[in-house]
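Contents: one structure, followed by commentary.
The values are calculated or read from the model by the stated rules, or taken from the named source; none is laboratory data. Quick caveat: nothing in here was measured; it's all calculated off a predicted structure. We place every Cβ from the backbone using ideal geometry, glycine too, and count neighbours over all the protein chains shown. What goes into the accessible areas is simple: the full protein's heavy atoms, side chains included, and nothing from ligands, DNA or RNA. Shrake-Rupley method; radii C 1.70, N 1.55, O 1.52, S 1.80 Å.
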Amino acid sequence: MPITLLLGLSGAVDTHQLKLKPVGEYRVRFERRQDRDFDDATADNRSDLLQRFRIGLDWQSGPLWSGSAQYQYAHGLVHTPRRNFSDDSSLLFVLDARWKHKDRTVTAGRQKMSFGSERLVATSDWGNASRTFDGLRYQDSAWDIFGARIGAQQDPPPNARIFGAGHKWRYGMTALLFKRDSVPAGQTNVWTLDHIMSGKLGMWAWDGEVALQTGRTLGLDHEAWALHVGAGTPLTKATQVYVEWNAASGGSTPTKVRTFDALYGSNHKFYGIMDLFGLRNLNQFQATLTHSLGKGKEVKLRGSYNTLRDNRDFWYASSGRPNNGAAGAFRDITGGSGNEIGWEFDVEGSWKLDNRQTLAGGIGFLVPGRFVRAQTKQSRTQIFFFASYTFRY
């Protein structure tokens, strides 16, 4: 698909004005997770060494045409008490062409995409293989319209399609999104009406987002919703605080699905560095303190209290799949375990060594609440740690 789209545009590029710029990236990240199932009787500690190489070209042809081509190789080495293994992927990460005139831009091919707040559609670069989209996109000062499928991603859904149209106006951005997917269990056809807005109230800058969904999921009616409300203010010249509420519906009946479909958004940057939470069956109250230590140096302290919206539904991770314990997926179909997942506390920092090199690291703790303790009969705190180095040119 990306190659077909680009061939149709190739005749418009003036090779006499063509300018090429090599680009590349190397990122290595070490991760360590302890007691993912909160049970000290199970040896489930895991270490990951993740490496990613990207190399390619950015090009410009005259004032109107530009584009990118980029190859990616991603490799993961995993150590657990039971076994060691590795995985890798080699793929064309980006191959796009852009036409830009004044405020209008048309992008065709395999491309990175950040739509709206990125909670519903985004490249999500935290993952080792990351994600890009094969499609066509139009943008101007008021409209953002696209149609695409998943291009590059670890285990991409082969039949999924996503279409969207967003309009910016006086009261924020209103978007209509449509997701269509087909799997052996059936089809998914979900419509999402999403609205984003922001403003200022005195010293506080606030933002909010609400999404309503309808359609059909695997033969059942789909009715769901999600909500975000947040506000931030500077405490000092170098320190800011941000408080927020994130929520998404969950649960189902014999004829209806109420669990919100988070589509293809970015979860890691919003709901905690441990990747234990996504925008499904969630109630999250979160506060973040960000402090600048000087040029290119920053530290974040974050704490969140997390509960299930529906006691009988799963506890979902950032991947959209349920979190698992020693006995299987975290779920109590009776609802008797309550809804309190627990508290997550994160410390995260980054240091930009120069224009090309960045160091980052963080540690997170999940202190289990009643729901987790009832599922595991344990009260172990789960711990996650990461350290990374990135070089770009």
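Which residue, of ARG137, ARG98, ARG161, ARG149, is farther than 26 Å from PHE270 by Cβ and either in contact (Cβ under 8 Å) with a residue 12 or more places away in the chain or not hydroxyl-bearing (Ser, Thr, Tyr) (or both)?
On the way: ARG137 fails: farther than 26 Å from PHE270 by Cβ; ARG161 fails: farther than 26 Å from PHE270 by Cβ; ARG149 fails: farther than 26 Å from PHE270 by Cβ.
Of ARG137, ARG98, ARG161, ARG149, the one residue that is farther than 26 Å from PHE270 by Cβ and either in contact (Cβ under 8 Å) with a residue 12 or more places away in the chain or not hydroxyl-bearing (Ser, Thr, Tyr) (or both) is ARG98.
Report, by residue number, each residue of region 298-325 that is under 21 Å from VAL347 (Cα atoms) and of a type in the set (D, E, K, R).
GLU298, LYS300, ARG302 - these are the residues of region 298-325 that are under 21 Å from VAL347 (Cα atoms) and of a type in the set (D, E, K, R).
For region 209-224, indicate whether the set of residues that are out of contact with any strand residue (DSSP E or B) (no Cβ under 8 Å at 6 or more places or on another chain) and at pLDDT 95 or above is non-empty.
Going through region 209-224, the residues out of contact with any strand residue (DSSP E or B) (no Cβ under 8 Å at 6 or more places or on another chain) turn out to be none.
Among the residues of region 209-224, not one is out of contact with any strand residue (DSSP E or B) (no Cβ under 8 Å at 6 or more places or on another chain) and at pLDDT 95 or above, which makes the answer no.
Residue pairs, Cβ under 6 Å, 6 or more apart or interchain, first in region 334-358 and more than 25 Å from LEU289 (Cα to Cα), second part of a strand (DSSP E or B) and hydrophobic (A, V, I, L, M, F, W, C). List them.
What qualifies is ARG356/PHE391.
Could you tell me how many of the residues in region 249-269 are open to solvent by less than 30 Å² (accessible area, probe 1.4 Å), within 21 Å of PHE345 (Cα to Cα) and not in a loop (DSSP other than H, G, I, E, B)? Don't jump to the end; show me each part of the working.
Our first condition is that a residue be open to solvent by less than 30 Å² (accessible area, probe 1.4 Å); within region 249-269, this holds for 249-251, 257, 259-268.
Narrowing the set further to residues that are within 21 Å of PHE345 (Cα to Cα) leaves 266-268.
Those still in the list that are not in a loop (DSSP other than H, G, I, E, B) too: 268.
Of the residues in that region, 1 qualify.
Hey, among the residues in region 40-56 that are among the charged types (D, E, K, R) and part of a strand (DSSP E or B), which one's surrounded by the most Cβ atoms within 10 Å (Cβ to Cβ)? Explain how you work it out, then say what you get.
Our first condition is that a residue be among the charged types (D, E, K, R); within region 40-56, this holds for 40, 44, 46, 48, 52, 54.
With part of a strand (DSSP E or B) added as a condition, the list becomes 46, 48, 52, 54.
Values: ARG46: 16, ASP48: 17, ARG52: 22, ARG54: 18.
Looking at the filtered set, the residue picked out is ARG52.
Would you kindly identify the strands (runs of 3 or more DSSP E) lying entirely within region 110-197 that contain at least 2 residues that are out of contact with any Lys or Arg (no Cβ under 9 Å at 6 or more places or on another chain) and open to solvent by 70 Å² or more (accessible area, probe 1.4 Å)?
Working: elements: 131-139, 143-153, 161-169, 172-183.
Answer list for region 110-197: 161-169.
If I filter region 232-248 down to residues being open to solvent by less than 20 Å² (accessible area, probe 1.4 Å) and of a type in the set (Gly, Ala, Ser), which single residue comes out as nearest to LYS200 (Cα to Cα)?
Looking at residues that are open to solvent by less than 20 Å² (accessible area, probe 1.4 Å) and of a type in the set (Gly, Ala, Ser), I get GLY232.
Could you tell me whether any residue of region 315-323 is of a type outside the set (A, V, I, L, M, F, W, C), assigned to a loop (DSSP other than H, G, I, E, B), under 22 Å from ARG258 (Cβ atoms) and without any contact (Cβ under 8 Å) to a residue 12 or more places away in the chain?
yes
Name the one entry in GLY325, GLY296 that is of a type in the set (Gly, Ala, Ser), under 21 Å from ASP44 (Cβ atoms) and at pLDDT below 95. Lay out the reasoning, then the answer.
On the way: GLY296 fails: under 21 Å from ASP44 (Cβ atoms).
Unique residue meeting the criteria: GLY325.
Condition check ((1) part of a strand (DSSP E or B); (2) among the hydroxyl-bearing types (Ser, Thr, Tyr)) across all residues:
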residue	(1), (2)
TRP351	yes, no
ASN355	no, no
LEU359	yes, no
GLY362	yes, no
LEU366	yes, no
VAL372	no, no
GLN378	no, no
ILE383	yes, no
TYR389	yes, yes
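May I ask you to verify whether ASN339 is open to solvent by less than 30 Å² (accessible area, probe 1.4 Å) and among the polar types (S, T, N, Q)? Walk me through it before giving the result.
Details: open to solvent by less than 30 Å² (accessible area, probe 1.4 Å): no; among the polar types (S, T, N, Q): yes.
No; evaluated as a whole, the condition is false for this residue.
Residue check, ASP37 against (1) touching a Lys or Arg at 6+ places or on another chain (Cβ under 8 Å); (2) in a loop (DSSP other than H, G, I, E, B); (3) of a type in the set (Asp, Glu), all met but one. Which one?
Of (1) touching a Lys or Arg at 6+ places or on another chain (Cβ under 8 Å); (2) in a loop (DSSP other than H, G, I, E, B); (3) of a type in the set (Asp, Glu), only one is false for ASP37: (1).
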